[in-house]
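Down below is the structure, laid out as structure tokens.
What follows is calculated from the coordinates using simple rules that are stated; it is not laboratory data. Fair warning: this is a prediction, and the values are worked out from it, not measured in the lab. Note that we place each Cβ from the backbone using ideal geometry, even for glycine, and neighbour counts take in every protein chain shown.
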Amino acid sequence: MGDLVLRPAYVINLRWDVLAWNAAGNQVFRFSSYVPERRNLLWMLFTDPATRALFDPWEEQALQLLSHFRRDFVRATQEPDICALVKDLEKVSPDFKTWWQEQDIHGPTHGFRQLQIDGIGRVSFEHTMLTIDEGRHLRLVYYAASEDSAESQEFESWLQSSEK
């Protein structure tokens, strides 16, 4: 995994609540700025303008993430908190409501993401999701900036300068 200090990372559950994160993850995604009840990756993606701007291009990545969540939803259709999340998102996000009804499932849970980082611009990341506790449905998600690119070096400098 390389140097995790320079890799935004977080842990999610089956509902996609963000339960823990490292400093780089917080700097990029601002998890600590959300109340725990709204520290949910889907909620952030579909209701928060800053998160929407972060994922660039948003529509393509939002569709991919929603299809990944759909796989989890299928395993947890009897969980009232997950069903409540879907109903709440359908009420507040027309995009979510439309795409949720399409019932589309896209690609794998790893690949590449483009994030629009303030002061740097678009940075390409390799994105991976690893199961860390199958019984509790906990997954570690981490982003590694594409190595040896100017944007990767700028991103690492940006992370290190904010630590001070």
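Tabulated results
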{"quantity": "For the range 4-163, alpha-carbon Rg relative to the globular expectation (2.2 N^0.38 Å, N residues)", "calculated": "1.02"}
{"quantity": "By average C-beta atoms within 10 angstrom, highest first, the peptides 6-12, 43-49, 118-124, 59-65", "calculated": "6-12, 43-49, 59-65, 118-124"}
{"quantity": "Reciprocal mean inverse distance between Cα atoms of the range 1-86 - Kirkwood radius, Å", "calculated": "13.7"}
